[in-house]
Each structure stands twice: as structure tokens, then as C-alpha cells.
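A short worksheet on the structure shown next.
The values are calculated or read from the model by the stated rules, or taken from the named source; none is laboratory data. All of these numbers come straight from a predicted model, not from anything done at the bench. Reconstructed Cβ throughout: ideal geometry from the backbone, glycine too, with neighbour counts over all protein chains shown. Heavy atoms of the whole protein, side chains included, go into the accessibility calculation; ligands, DNA and RNA do not. Shrake-Rupley method; radii C 1.70, N 1.55, O 1.52, S 1.80 Å.
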Amino acid sequence: MSGTVHTFTTIQLGADGPLEAPYAVVVVDLDGGGRRTVRVDGDTGWLAIGARAELTGGSARPG
Amino acid sequence: MRRVEIAGYGQTPFGRADERSLIDLAADASEQALRASTVRPDEVEALFLGTFVGLALGGQAFPAAVLAARLGLGGIPALAVEGACASGSLAFRQAVAAVRSGAVDVALVAGAEKMSGHTTATVTRTLAAANDTASESHAAGLTFPGFFALLARRYLHEYGVDRELLADVSVKARANGAANPKAHFQTPVTRAAALAGRTVADPLGLYDCSPISDGAAALLVTSADWAAAHGIEQPVDVRAVGQAGGPVSPERLESFVGLPAAAAAARSALAEARLEIGDVDVAEVHDCFTIAEWIALEDLGAFGRGEAAHATADGATRVGGALPVNPSGGLLSKGHPIGATGVAQLVELVRQLRDEADNQVERAEIGLAHNVGGTGGVAVVTVLGRAA
């Protein structure tokens with residue numbers, strides 16, 4: 001699945017639980033309609049509103 | 001329907017209350033409200049308590065019955081109301097409905113939270129449950145600062161607003177809080193310092209976020225006839241309370257620059273009060289984060305979309321401006337003990353409408369409160385008026 005970045009953030013101050021901050025969360029408008037909210041694994045330098053994203057499983061990478 | 005009034009109020013200082021429990025705080029605010037209104041405990045016919053994390057953080061379930069017992073209210077109906085950050089306003093709305101219907105003449109409303117004594121990570125996790133925990137965004141680890149950061153990023157982008165303008169909300173909040181002896185933060189902050197706070201969830205930094213606070217607030221709600229018969233001084237009119245529901249997780253939001261429940265609650269409340277937003281003299285809005293104040297003001301219709309940022313920078317929302325917003329210091333500076341917040345907003349409006357406020361708005365006749373729970377899953381807008 002691919003789409004464009006609607007909005008995103010990098011959470012620096014996290015919550016108790018399995019996730020270790022910092023981690024990025026991105027909202028992606030899918031090409032076929034609909035929207036997904038997923039984490040970004042690895043590098044986040046590519047994140048920008050309107051950037052292309054590729055979704056695999058529960059995470060996004062540059063598309 | 002019967003006219004409903006607020007006969008008195010009480011509030012603890014907001015901040016850290018190390019030695020005091022949720023019930024201690026709620027009882028303190030309630031006793032202040034009873035004393036100030038000269039209503040006797042045996043005259044109270046129902047208790048509504050707004051609170052959210054008493055069980056999760058403090059191990060205290062069943063708080064309304066425990067509070068009623070502490071206050072010596074006898075066996076009256078006592079009900080706890082939970083709607084995340086809107087819990088206090090929801091409790092107030094239940095009290096107003098009970099009095100308006102004639103079921104009771106006198107209802108006590110309290111809102112309280114005890115949040116200190118835990119790590120920020122624990123509090124963040126507990127608050128993050130205020131949405132659909134089966135949602136994709138919850139699984140992705142979205143916190144509340146994270147959610148409002150998503151809104152902020154989108155707002156700044158859509159309207160071409162400089163991130164530095166968010167600091168103006170924080171600077172105003174801290175200046176107002178510095179004059180409110182019950183505020184969590186008692187010192188002003190400069191724009192430069194506000195911008196230099198460490199990042200919590202970009203683009204939001206420390207000064208964009210409300211603090212973790214303990215505190216409680218209380219109101220006595222009575223019928224107008226009962227207040228008149230009992231010589232209540234300076235009652236304040238409840239003109240309308242609007243409540244609406246909305247998306248319970250961010251993926252259900254159509255737009256990231258508005259919360260539809262807040263707009264719907266505002267339309268409902270203003271229609272019931274037969275007023276327009278331009279008639280409002282002072283507003284307390286749910287500024288859990290700086291961005292939330294801009295979105296609140298635009299959802300209320302006080303400013304056009306994308307205009308609240310510049311209106312704030314121009315001083316329109318300061319005391320003395322076109323629409324003073326959060327003269328109490330707001331959640332950002334007064335503090336945000338979750339269940340107390342909605343009640344404390346109304347305490348500030350009552351003080352404004354009785355000319356008793358710390359940052360008094362001159363000739364304030366109509367006050368409006370805007371209180372939001374979760375990701376806008378619930379919103380309550382209340383309109384109060386100076387008694388005739």
C-alpha cells in the first residue's frame with residue numbers, strides 16, 4: 001500500500017510500555033482512499049507533509 | 001423548564017498535593033463551596049463527581065459514595081461521571097439536568113484528580129487510554145501529546161503559520177496564571193524561554209503542554225426559585241449546556257484542524273442560550289496543548305479557520321482584548337487535574353460574572369466554557385450569564 005503523508009510527529013517523551021521513545025507516528029492518506037496511522041521504522045528524515053510513503057505491515061517507509 | 005443557577009463555588013490550589021488523596025481534594029473544594037454559598041450539607045439532594053484516573057492511578061474506585069460519606073451528605077444519590085478530560089463538565093451537565101427537571105432543588109458538583117506521585121511515562125500511558133484502545137493509532141503508540149502534535153503539524157502546514165506563534169498561547173497562559181494564586185504555574189515565561197523548551201512530540205515542546213496536576217473544584221447548582229427563597233447572594237445563571245460526541249480515535253477524524261464534537265456542542269449551547277459567539281465576553285477553553293486553544297476558538301466560531309493563531313499574536317485573546325480567553329491561566333498554566341478541569345473552568349466564569357476574578361474582564365456579562373474529552377470523542381460547551 002502506498003500514499004502520501006498527511007501529518008506526523010516524533011514522540012520524544014513516551015509512555016510506559018514496550019515502545020522505547022523516540023519513535024515516529026505518521027498518518028498516511030492512501031492512494032485508493034482511506035487513511036492509516038502507523039509507526040515509522042528507522043530513518044525519519046524523509047518525513048514531510050505530502051511525501052510519498054510505502055506501508056508494509058504496521059510501519060511506513062519512504063515510497 | 002426551571003431556571004438553574006450556580007449558588008457557590010470552591011477550588012483547591014492546583015499543583016502538587018503530596019499528602020492529599022483524591023477524596024481529600026474533592027472534599028476540600030466541596031466544603032469551600034458549601035461554606036461560600038451558605039448551603040447546609042443536609043440541603044444537598046444529589047452529588048455528581050467528575051473524575052477520571054482515581055482507580056488507575058490511585059486505587060480508589062467508587063469515589064462518589066466515598067465523597068458523599070466524607071462530606072456527611074447522608075444517603076443522597078451520589079454518582080461519578082467519567083468522560084476523560086470532559087468529566088467535570090459532564091458531571092455539571094447531569095446536575096443541571098437534575099435541577100432543571102425538578103428532580104432536586106440543590107445538587108453539588110465536584111471535579112477532582114490526583115495525578116502526582118507517578119512517573120510522566122505512567123501518567124502518559126494512563127491518559128492514552130482515553131480513546132478507542134483497539135484503534136490502529138493506539139497500537140502505533142500515539143500518546144496525547146503525540147495526537148495534538150499531529151494536529152499542530154497539520155495546522156501550521158495548512159495555514160502557513162510559523163511554529164513560533166504557538167509560543168504566544170503559552171506566554172499569555174503563564175502571564176494569566178501568574179496572577180491566579182491557585183494556578184499550578186505562578187511565574188510568567190518569555191517567548192524565548194517558551195520556544196527553548198525541550199521537545200515532547202514535535203512540533204510541540206514542554207511549554208506547549210499542560211502539566212500533571214492535582215486539584216479539585218466544586219459548584220453548588222440550585223433552582224433559581226430555591227436560590228431566591230434562601231437568600232443566595234450573587235447567583236450566576238446557567239444559560240445552556242451543550243454536549244456532543246465525536247471521533248474516539250484519530251483515524252476517524254476527517255480533518256486534523258478541527259474537533260467536530262466541540263463545534264456541535266457550541267452550536268447546541270449557543271442556540272439554547274439564544275446567543276451568538278460574538279455575545280461572549282470571556283471564555284475558558286480546553287487548552288491542554290497550545291494548538292488546542294487555536295482549534296477550540298475556531299471550532300467555537302470565534303475566529304475563522306486559520307485565524308486564531310494571528311488573533312492570539314495580535315493580543316485579541318488577552319484580558320482587555322476582543323475576546324479574553326483563559327484568564328484563569330487555562331490548563332496550560334492553572335493546571336489540568338483531569339476531572340477537576342471542567343468544573344474549574346466554570347469556577348473561573350462564575351468569578352468573572354461576579355467581578356471577583358484575579359484577571360477580571362470588565363463588564364463581563366456572558367461567559368463560555370469549552371471542555372473536550374479524548375481525541376474529541378466528547379465535548380461540552382457551557383454558557384453562563386450574570387444574574388439579572
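Could you tell me whether B:Ala112 is part of a helix (DSSP H, G or I), touching a strand residue (DSSP E or B) at 6+ places or on another chain (Cβ under 7 Å), more than 14 Å from chain A (Cβ to nearest Cβ) and open to solvent by less than 40 Å² (accessible area, probe 1.4 Å)?
No, not satisfied.
Any residue that is more than 9 Å from chain B (Cβ to nearest Cβ), assigned to a loop (DSSP other than H, G, I, E, B) and not charged (D, E, K, R) - is there at least one of those in segment A:11-19? Don't jump to the end; show me each part of the working.
Looking only at segment A:11-19, we keep the residues that are more than 9 Å from chain B (Cβ to nearest Cβ), and these are none.
Among the residues of segment A:11-19, not one is more than 9 Å from chain B (Cβ to nearest Cβ), assigned to a loop (DSSP other than H, G, I, E, B) and not charged (D, E, K, R), which makes the answer no.
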Reported set for segment B:231-242 where residues are part of a strand (DSSP E or B) and in contact with a helix residue (DSSP H, G or I) (Cβ under 6 Å, 6 or more places away or on another chain) is B:Val236, B:Val238, B:Arg239, B:Ala240, B:Val241, B:Gly242
Does B:Lys172 qualify as being in a loop (DSSP other than H, G, I, E, B) and surrounded by 20 or more Cβ atoms within 10 Å (Cβ to Cβ)? no
How many residues of segment B:120-147 are surrounded by fewer than 24 Cβ atoms within 10 Å (Cβ to Cβ), within 22 Å of the chain's Cα centre (by Cα) and facing chain A (nearest Cβ under 9 Å)? The answer is 6
Residues of segment B:140-165 being assigned to a helix (DSSP H, G or I), in contact (Cβ under 8 Å) with a residue 12 or more places away in the chain and farther than 23 Å from A:Ala15 by Cβ, in sequence order, are B:Tyr155, B:Leu156, B:Glu158, B:Tyr159, B:Arg163, B:Glu164, B:Leu165
Of the residues in segment A:20-60 that are more than 10 Å from the chain's Cα centre (by Cα) and under 14 Å from B:Pro145 (Cβ atoms), the one that is surrounded by the most Cβ atoms within 10 Å (Cβ to Cβ) is A:Ala21
In the set B:Glu293, B:Glu365, B:Glu348, the lone residue that is touching a His at 6+ places or on another chain (Cβ under 9 Å) and touching a residue at least 24 places away in the same chain (Cβ under 8 Å) is B:Glu293
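I'd like to verify a number: residues in segment B:57-78 that are hydrophobic (A, V, I, L, M, F, W, C) and surrounded by 18 or more Cβ atoms within 10 Å (Cβ to Cβ), how many?
Restricting attention to segment B:57-78, the residues satisfying the condition of being hydrophobic (A, V, I, L, M, F, W, C) are B:57, B:61-62, B:64-69, B:71, B:73, B:76, B:78.
Those still in the list that are surrounded by 18 or more Cβ atoms within 10 Å (Cβ to Cβ) too: B:57, B:64, B:66-68, B:71, B:73, B:78.
Of the residues in segment B:57-78, 8 are hydrophobic (A, V, I, L, M, F, W, C) and surrounded by 18 or more Cβ atoms within 10 Å (Cβ to Cβ).
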